[in-house]
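Report on the structure given below.
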Amino acid sequence: MTTNPLHRLMNPFSIATFGAGNNFMKMGTMQALSILKDGYTGKFYPVHPREKEVMGHKAYDSVAELPEPPDLAFLVVPSSQVVPIMEELGKKGTLSAIIITAGFGETGEDGQKIQDRLNEISRQYGIRFLGPNCMGIINSEIALNTTVMPYPSAKGSFGFASQSGTYLTQTIPYLKKRRIRFSKAISVGNSANIDITDALEYLGEDKQTRAISLYIESIKDVRRFVEVARRITPNKPVLAQYVGGSSAGARSALSHTGSMAAPDHLYEGMFRQAGVIRVQSIEELYGYGNMLALQPALKGRRIGILTNSGGPGSAMANALEKAGLDVPRFSEALQSKIRPLVHDHAPCGNPVDLTFHLDIDTLTQKIPAIILESGEVDGLVLHGALRKGYLIEIYDHIKEALNNAPVEALLKDFQVIPEQSLALVSTYKKPVGISSFYDRDDDYTAAYQDHGMPVFDSPEKTAGSMAVLYRHFEVRQRPPWRPPAVPSPPAAALDLIRECRDQGQSNLDEYQSKRFLKAWGLPVNEETMVHSSEEAIQAADTLGYPLVLKASSPDIRHKTGKGFIHLGLDSADAVADAYGKIQNAAGKQVPVLAGRMLKGKREFVAGIVDHHGFGPSVMFGFGGIFTEALDDVVFRPAPLSIEDAGEMIADIRSKKLLGEFRGMPAVNTKTLAEIIHRLSLIPLAHPEIGEIDINPLIVEKDNLVAVDALVVLKKNRAER
């Protein structure tokens, strides 16, 4: 167990409110009502400068008048009052606070200064706080709800943390209808003091929570987020929705919570490295998070499909296979057990399609039991369990045949759902996904939801829930993770950086860049620097033909298509001619790199990018002149273990090129992973580096060689 401040904040024995009065149309009063009416049994101390009583409880004039330091302070007051109240609370001895009030870092520089002052108070008095600009918490374990919406008292196992307060408030009726119940829910707002990573860590340690969903606009400390998530995700699934990846999303996040977002591809790589399963909507964040919280873990990729209609079965089969799961054809032995229970023409090879079979017990009990106990599937998706909802819909067509008996009389015979239908998961210890176009007006939908079996309103969403379970199965198969140690930088590398700075360069030239990479143990091409055509010819005699000549100057970053690079030079005359052309293209005397021409047919790109607000990331993908056109690159936040690097390599779309391909031997992926691992350590050891570009990284027989490289420094020297 860590010393995470949320353990204390989420479990207060006493709460003092600031801003709650007797006007039920005020936000602070509405939130105080949730505390008082939803079952919290701790002490309640309203602080109000004018009221003598607040909702039947004695009110206190100030913090000083309180009979004891409250465990939790809850502030919904004008922003100008927040700092003085927090100082008084600190002096009183309170250690936890929730600041609902907005008007801080999200408003700009002046608001940020006030927010910084709150953190000064935090450090001075040891008081930790959520917010500002948040909606508080829900802890179903102790029936504590600080939001503006009533929250049902039932305990859940689904943990939720959000940088949007709305997703803890306005969505409560939505969740109630679907029987989605929180264990704990946390709104972090501006994350000035306690952030989304703290919330993740706390939920990971919380015994009540079985699955976690995160709504994210930005991560302040990417490296810490990855380290925390990697500890949690092998044991608990974590889902995340990130909305700051577009320019519009980033702009909205900045004005909403003051969050500094980063491009989508960087967060995609971070989530994959962290073992966090990414979803694309708040509906998936809730629905799939609830599925993961309630269902047993998936232990394989084989999924059975049972439906009362062919279309939904085909839709689920298609979606499952696209998500990487198997829909295996059932054995003849298994089909022989199913066949007597279905119509003669009904397919039973998987999917099993009952084709409008009205025997609900066959659909929901008999066939599911046969499939789940067969040993041929790891999970089951089921569509079409319905009864009352269907009868209500067709009542107008059949009421004359029933002598116009009221619909209530028709429904009274269907009061109980057989226990076998509701105990499939607990009996067979395998996940079961349910799909139905009927909501809780149907008794099967309601019963399933009430017994911990989520019901999705489309076949594709049900298949998606099984895909998410499978993603967590893959996460659980990863080897144990240890954060890679960052070594001290090599002396030769430090000397090159110092030389570059002393000469006023913003980047190392190609020759310096390769020497820098070589100092870090990365393989680079054999080459030498020349300053005349005669030296170039001598280099060719030493290195051998064919030769490559390239301009090497810190002023020339990109050479292709500009006359600064000449390949395949196979004679002294060709070398001399190329040298002269490079000088003409530069318009001045520039040093030239002479290198051995490599004959590799596969080219990759690797590098480092450092995005403000995110930090350094590693890039790897398909390289050469088509890097930008093909856009087959993946990213991971630095640093990477060798295992992380191996997973990264396998994520490119062109990964077939890594194996045996058209007569070429397989790439040595162990060596490639080692290169990417070592590359990932560099920006942590050299924080002054803003970018590294290795393109191409050529495969020559069994070797991988950096043929072209560029190291770019940040504009201002980073503090060491």
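The values are calculated or read from the model by the stated rules, or taken from the named source; none is laboratory data. As the structure is a prediction and not an experimental result, all values here were calculated from the model. Cβ atoms come from the backbone with ideal geometry, glycine included; neighbour counts cover every protein chain shown.
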Practice problem: Among residues belonging to region 483-532 that are of a type in the set (A, V, I, L, M) and part of a loop (DSSP other than H, G, I, E, B), point out the one that is surrounded by the most Cβ atoms within 10 Å (Cβ to Cβ). | Solution: 522
Quiz item: Are there any pairs, at least 6 apart or on different chains, whose C-beta atoms fall under 6 Å, with the first in region 1-16 and outside any loop (DSSP other than H, G, I, E, B) and the second of a type in the set (Ser, Thr, Tyr), and if so, which?
Solution: 6/202; 8/96; 9/96; 16/45
Quiz item: Which one is farthest from residue 184 (Cα to Cα), of the residues in region 10-45 that are crowded, with 18+ Cβ neighbours inside 10 Å and of a type in the set (Val, Ile, Thr)?
Solution: 29
Quiz prompt | Selection from region 401-421 of residues that are more than 41 Å from the chain's Cα centre (by Cα), in a helix (DSSP H, G or I) and of a type in the set (D, E, K, R) | solution = 408
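Quick one: count up the residues across region 422-463 that are part of a loop (DSSP other than H, G, I, E, B) and within 21 Å of residue 300 (Cβ to Cβ).
Just the residues of region 422-463 that are part of a loop (DSSP other than H, G, I, E, B), to begin with: 423, 429-431, 436-442, 451-454, 457-458.
Okay, now just the ones that are also within 21 Å of residue 300 (Cβ to Cβ), so 429-431, 453-454.
Adding up the residues that qualify gives 5.
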Quiz item: Applying the selection to region 331-360, what residues are farther than 20 Å from residue 427 by Cβ and crowded, with 19+ Cβ neighbours inside 10 Å?
Solution: 342, 348, 350, 351, 353, 354
Exercise. Taking the residues in region 654-677 that are basic (Lys, Arg) and in a helix (DSSP H, G or I) as candidates, determine which candidate is surrounded by the most Cβ atoms within 10 Å (Cβ to Cβ).
Key: 655
Quiz item: Among the candidates 170, 163, which residue alone is among the polar types (S, T, N, Q), crowded, with 24+ Cβ neighbours inside 10 Å and under 27 Å from residue 210 (Cβ atoms)?
Solution: 163
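Mind checking which residues of region 361-377 are part of a loop (DSSP other than H, G, I, E, B) and either among the hydrophobic types (A, V, I, L, M, F, W, C) or surrounded by 24 or more Cβ atoms within 10 Å (Cβ to Cβ) (or both)?
377
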Practice problem: From (1) of a type in the set (D, E, K, R); (2) closer than 30 Å to residue 500 by Cα; (3) assigned by TED's automatic domain parsing to the domain that holds residue 536, pick out the condition that doesn't hold for residue 577. | Solution: (2)
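Yes/no per residue for (1) of a type in the set (Lys, Arg); (2) buried (at least 21 other Cβ atoms within 10 Å of the Cβ); (3) modelled with pLDDT of 95 or more; (4) on the phi > 0 side of the Ramachandran plot:
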site	(1), (2), (3), (4)
189	no, yes, no, yes
203	no, yes, yes, no
208	no, no, yes, no
217	no, yes, no, no
227	no, no, yes, no
244	no, yes, no, no
264	no, no, no, no
274	no, yes, yes, no
Practice problem: Being among the small types (Gly, Ala, Ser) and modelled with pLDDT of 95 or more is the filter; apply it to region 607-640 and report the residue that is nearest to residue 569 (Cα to Cα). | Solution: 607
Quiz item: Is there a residue in region 557-573 that is touching a Phe, Trp or Tyr at 6+ places or on another chain (Cβ under 7 Å), in a helix (DSSP H, G or I) and in contact (Cβ under 8 Å) with a residue 12 or more places away in the chain?
Solution: no
Quiz item: Which condition number in (1) under 30 Å from residue 235 (Cα atoms); (2) without any contact (Cβ under 8 Å) to a residue 60 or more places away in the chain; (3) part of a loop (DSSP other than H, G, I, E, B) is the one that residue 321 fails?
Solution: (3)
